[in-house]
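The block underneath contains the structure these notes are about, expressed in structure tokens.
The values are calculated or read from the model by the stated rules, or taken from the named source; none is laboratory data. The model shown is predicted, which means the values in this text are computed figures rather than measured ones. Don't worry about glycine lacking a Cβ; one is built from the backbone with ideal geometry, like all the others, and counts go over all protein chains shown. The accessibility values were calculated without ligands, DNA or RNA, using every heavy atom of the protein model including side chains. Shrake-Rupley method; radii C 1.70, N 1.55, O 1.52, S 1.80 Å.
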Amino acid sequence: MRAIEENPLEIKKAEFIEIGHTLVNEIAEFIEHIEDIPITSGKSPKQLEEILGNQPLPQYGLPAKEVLFRGLNLLKHHSLFNGHPKFMGYITSSAAPISAFADFIASALNLNVGAQILSPIATEIEKQTIAWLLEFTGLPKDYGGILVSGGNMANLTCFFAALHAKLPETYHSRGLAAVKKKVVVYCCKTTHTWIEKAAKLSGLGLESVRFVPPNRKNKMDCNLLEAMIHEDKAKGYLPVMVIGTAGDVSTGAVDDIAAISEVCSANNLWFHLDGAYGLPAVAVPRMKQLFVGLNGVDSFALDPHKWLYNALEVGCVLVKHPNDLRGTYGSNPEYYNFHQVYDATHNYYEYGFQNSRGFRAFKLWATIQQIGKQGFVEGISRNIEQAILLFQEADLHPELQAISHNLSITNFRYVPIGTDLQNKEQRTYVNTLNQELLDTLQRNGEVFLSNAILDNRYCLRSCIVNFRTSIKDVIEIVAIVVREGRKTHKRLSLHR
């Protein structure tokens, strides 16, 4: 072998092995005892800035081992750990360890899954992974898709595909100037904020979004949806799309997919389903009735880093007609020599925003094989049961009020004994109390919850998408919330 010239970026084999072994040992030890450490240090940005230091740009390099282990030490002591069994805040799952190994392999080989010639076997692995996700969700084999960074990008990818599919052909060349009518899209008021980005970035503007009020179950009111569509048509507007949700952010509610599908079919509208969080639950037999009507959906967003226990970041687009993606994102400049004589060349740059794409599929592909469909079903079912248990425990406790439960999301709040919730002033106080309580819980690091505001009630929101969470954790969380709730109530009462 030819001698390698000295290069500060190279790490020689012996040192690479030494660093790798030591890192694996450190991380394995961290994972083994993750439940015994605080979920977060609770330090302020200013404190973290002081810990990191404000050194100027390094002029000369340091040994790789020194850099990596200083970085690991910083991360281990000053992060928010979504792999902790009592992390139930934002919808980010605990990451399967195999997905970390897969990410290491993918990064080490540095594969660019933008075109098949750039990533021959990686492209096939992504195609197989998409096929497995279609089978997992019960969708037909002739659907297609692409892996992206997460829910925002998955939803945006589908949004633009819908516009290109439903607007006049001249839109492709002349843009919105070619569309003579005002374009409108419909979604529930509970839809994730990605819709605001889509409206602004697409040029439609926020006024083009019709927010349909939810019904009492926090689902889109399909009667109001249909009425709004007819009203807009009468005004000369051009309805193009309805966006449903399978597992809304605040409550986990799943829209009436079959009813929305009927409305879209009757009005020739694209039906997009944001299932970034909740769609994996379709594989659980007793949950299937929530997802009736999926065959009427044109596009889906699904995040494997939410409820398929994968490491950040990996989102997924699934579409009924894959050519709708190619028609939107495909381009073939003369400097792309990507369409060679192979049969069925599949270039992923034609299916989404990115040209250069990391090998996200590998970690999901590996995790699916390690756990299998039944492993996912058991994990998702267990999380649902844990959320039900939390709702029941809150409902039984005299100082807690259970508010809602859907899928693996439970909303509840602390209400001091003797509170009169018919009294406006006391209702306001309970909201303030729970907001203060949540801030305390998030800083203390014993449990990490988030919030939801339902019917003007500030709630503690728990979303369990964690394979490490146990019944013991759920019971302990109730005790922690009550203990800290009492302290917060006592502190606030001194200043009332």
Quiz item: Taking Ile403, is it open to solvent by 10 Å² or more (accessible area, probe 1.4 Å), closer than 22 Å to Cys463 by Cα, among the β-branched types (Val, Ile, Thr) and not in a helix (DSSP H, G or I)?
Solution: yes
Practice problem: Quick one: count up the residues across segment 283-309 that are of a type in the set (Gly, Ala, Ser) and open to solvent by 10 Å² or more (accessible area, probe 1.4 Å). | Solution: 2
Quiz item: Would you pick out the residues in segment 3-27 that are surrounded by 11 or more Cβ atoms within 10 Å (Cβ to Cβ) and of a type outside the set (Phe, Trp, Tyr)?
Solution: Glu10, Ile11, Glu15, Ile17, Glu18, Ile19, Gly20, Thr22, Leu23, Val24, Glu26, Ile27
Exercise. List the number of the failed condition for Ile464; all other conditions in (1) open to solvent by 40 Å² or more (accessible area, probe 1.4 Å); (2) within 26 Å of Ala276 (Cβ to Cβ) hold.
Key: (1)
Quiz item: Inside segment 380-400, can you point out the residues that are open to solvent by less than 40 Å² (accessible area, probe 1.4 Å), outside any loop (DSSP other than H, G, I, E, B) and touching a Phe, Trp or Tyr at 6+ places or on another chain (Cβ under 9 Å)?
Solution: Ile380, Asn383, Leu390, Ala394, Leu400
Exercise. Any chance you could count how many residues in segment 310-331 are open to solvent by 10 Å² or more (accessible area, probe 1.4 Å), in a loop (DSSP other than H, G, I, E, B) and of a type outside the set (A, V, I, L, M)?
Key: 6
Self-check item: Hits in segment 352-379 (condition: of a type in the set (D, E, K, R), within 18 Å of the chain's Cα centre (by Cα) and part of a helix (DSSP H, G or I))
Solution: Lys363
Self-check item: Members of segment 453-481 found to be more than 20 Å from Thr440 (Cβ to Cβ), assigned to a helix (DSSP H, G or I) and either without any contact (Cβ under 8 Å) to a residue 12 or more places away in the chain or among the aromatic types (Phe, Trp, Tyr) (or both), listed by number
Solution: Lys472
Quiz item: Could you give every pair whose Cβ atoms fall below 7 Å, whose first residue belongs to segment 263-280 and is under 15 Å from Gly296 (Cβ atoms), and whose second residue is part of a helix (DSSP H, G or I) and among the small types (Gly, Ala, Ser), counting only separations of at least 6 or pairs across chains?
Solution: Cys264/Gly296; Ser265/Gly296; Trp270/Ala162; Trp270/Ala165; Phe271/Ser261; Phe271/Gly296; His272/Ala162
Quiz item: Which residues, taken from segment 433-452, are out of contact with any helix residue (DSSP H, G or I) (no Cβ under 8 Å at 6 or more places or on another chain) and in a loop (DSSP other than H, G, I, E, B)?
Solution: Gly445
Self-check item: Residues of segment 418-432 classified as assigned to a helix (DSSP H, G or I) and either among the aromatic types (Phe, Trp, Tyr) or open to solvent by 70 Å² or more (accessible area, probe 1.4 Å) (or both), total
Solution: 5
Quiz item: Which residue out of Ala266, Ala227 is part of a helix (DSSP H, G or I), open to solvent by 10 Å² or more (accessible area, probe 1.4 Å), aliphatic (A, V, I, L, M) and in contact with a helix residue (DSSP H, G or I) (Cβ under 9 Å, 6 or more places away or on another chain)?
Solution: Ala266
